[in-house]
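Structure, as structure tokens:
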Amino acid sequence: MINKILVANRGEIALRVIRAAQEMGIATVAVHSTADVDAMHVRMADEAVCIGPAAGTDSYLRIPAIIAAAEITGADAIHPGYGFLSENAEFVQALEDHAITFIGPTAEHIRIMGDKISAKETMKELGVPCVPGSDGGVPDLETALKIGEDFGYPVIIKATAGGGGRGMKVANSAEEMPNAFGAARSEGKAAFGNDEVYIEKYLTTPRHIEIQVFGDGKGNAVHLGERDCSLQRRHQKVFEEAPGPCISAEERAAIGKTCADAVARINYIGAGTIEFLYEKGEFFFIEMNTRLQVEHPVTEAIFGVDLVREQIRVAEGRDLSFTQDDLVINGHAIEVRINAETFPGFAPRPGKVTAYHAPGGLGVRMDSALYDGYSIPPYYDSLIGKLIVHAPDRKAALARLNRALNELIVDGVETTIPLFHALLKEQDVHSGDYTIHWLEKWLDREYGGV
Ligand code: ADP
């Protein structure tokens, strides 16, 4: 049994975990930087420990400080949220050494999936369909050119350690290969300390479809359908929904089973997301995230489950509280990510929130750590809230989203709320007819290439 959870994160996701723990009767510890003394997660947790200066590398990413905070407060488990240390195998290993439970998968699984080449090899072996491409790493330009010729252009060169949309370059022809190959390598080296790259066929009209899986670490696993996250800017998701508007029940059952079986076979524990590009009825694996996703609430809405509660339960060694047959989709859910950024420029705009009013009513959930008078610090991610709506069908969900966006007030800072007002006026958004390239093309067309 877990008695006290330290939440190694901040912002809305820290609140998300604290709320689940409170409902389970588990005590909570917040950790925070000096810049976050007045943050909501510090107020909501039972205890709080300052772990260092403002910069993430000096606080939320400092493993010894976080372990010390757990030891001092007697926390017996740590939930990492997403980002920061959530996919850091070294951290998980260190917790094992200190007999602190990590609410998430094993260090080994994090390591395998954190390296995109080993992730792809593992998934291939487990029978998951992958994007055609190189067998593992591509050592030099000569090999890269050979692969480009074999698969046909365009191809995408990806850093094996990449993430957050970085370390990826497209080559449309052999002429573009030297630059793209060099850039992907140097970006991988600079951002992740690893210049190994691999090559995939670049799909020109895919949707981003990801499957939520959940394992108990004892060889049992289920899937919770898909999320469509095709509306992206710079490979970052801005609008997510479940179920996917273009996925049939048969497709869902088939790919869901493939994914659940795959993670069951490796005794995966906890929440995971297997990401695919989906084109012309085919799924192509791109990566697996071994953590809770930002967009998990849309899945919670349509299945009526609490994924954080479930993460805590399996970390305690308990069985899953649902079987595959229990998981029946009810309605449609949409999430929009609201950032403290200009629109249409997308430049970060931290600052003081002079007024905040969250929307409410039937089928509306607002996950945010904002409050009136809160000063958004400039040191972290610009996500300030997630608005999630749930309704009987997609059309009703879009109407509810529109209504809820009209109720939402965030004054004092610029936000991306106008982006969603504008998107809701687009016919393609209503018909659900778009690929991963739609949003950037639309921004180009409407706002002149921001
Ligand atoms: P990251 O780990 O940086 O998020 P991913 O491998 O998940 O990188 O890819 C992020 C996004 O990049 C995808 O959602 C898609 O938009 C684009 N992408 C990745 N691989 C391909 C590919 N083979 N063809 C076309 N687009 C791709």
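The values are calculated or read from the model by the stated rules, or taken from the named source; none is laboratory data. Quick caveat, the model's predicted, so the values are computed rather than measured. Neighbour counts run over all protein chains shown; Cβ positions are idealised from the backbone, glycine included. What goes into the accessible areas is simple: the full protein's heavy atoms, side chains included, and nothing from ligands, DNA or RNA. Shrake-Rupley method; radii C 1.70, N 1.55, O 1.52, S 1.80 Å.
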Along the positive direction of the dipole of the range 46-125 (beta-carbon charges: Lys, Arg +1; Asp, Glu -1; about the Cα centre), which of 123, 53, 84 reaches farthest?
-> 123
At a 1.4 Å probe radius, which order do 395, 169 fall into by accessible area, largest first?
-> 395, 169
For the range 132-201, the charge dipole (Cβ of Lys, Arg +1; Cβ of Asp, Glu -1; about the Cα centre) points to a positive end, and the Cα of 145, 134, 170 closest to that extreme belongs to 170
Calculate how many DSSP beta bridges within the chain are antiparallel, expressed in % of all such bridges and rounded to the nearest 5.
-> 80 percent
Put a dot 7 Å past each Cα toward the Cβ at residue 98 and residue 172; how far apart are the dots in nm?
-> 5.1 nm
Using a cut-off of 15 Å between beta-carbons, work out the net charge of the residues near residue 336 (Lys and Arg +1, Asp and Glu -1, residue 336 not included).
-> 0
Across 5 Å bins from 0, what is the distribution of all Cα-Cα pair distances for the range 4-101, in whole percents?
-> 3, 15, 28, 28, 19, 6, 1
Accessible surface of the chain [probe 1.4 Å, protein heavy atoms]: carbon and sulfur percent = 49 percent
Calculate the dipole size of the chain relative to its Cα centre from +1 charges on Lys and Arg beta carbons and -1 charges on Asp and Glu beta carbons; express the result in debye to the nearest 20.
-> 660 debye
Which number do you get for Rg(Cα) / (2.2 N^0.38 Å) in the range 83-128?
-> 1.27
What is the Cα centroid distance between the range 334-398 and the range 114-182, reported in whole angstrom?
-> 35 Å
Go ahead and estimate [θ] at 222 nm for the chain from helices alone: -39,500 (n - 2.57) per DSSP H run with n ≥ 4, summed, over the residue count, rounded to 500.
-> -10000 deg cm²/dmol
Taking all pairs of distinct Cα atoms, average 1/r, flip it, and tell me the Kirkwood hydrodynamic radius of the range 113-232 in Å to one decimal place.
-> 15.4 Å
Where does the chain land on Rg(C-alpha)/(2.2 N^0.38 Å)?
-> 0.95
Quote the convex hull volume per residue of the range 132-201, based on C-alpha atoms, as a whole number of Å³.
-> 68 Å³
Toward the positive end of the charge dipole of the range 287-418, about the Cα centre and with charges on Cβ (Lys, Arg +1; Asp, Glu -1), which of 304, 329, 402 goes farthest?
-> 402
The summed charge of the residue 382 Cβ neighbourhood (under 10 Å; Lys/Arg +1, Asp/Glu -1) stands at 0
Can you tell me the accessible area per residue over the range 207-447, all protein chains present, probe 1.4 angstrom, in square angstrom?
-> 38 Å²
Surrounding net charge for residue 98, when Lys and Arg each add one and Asp and Glu each subtract one, Cβ distance under 11 Å = -4
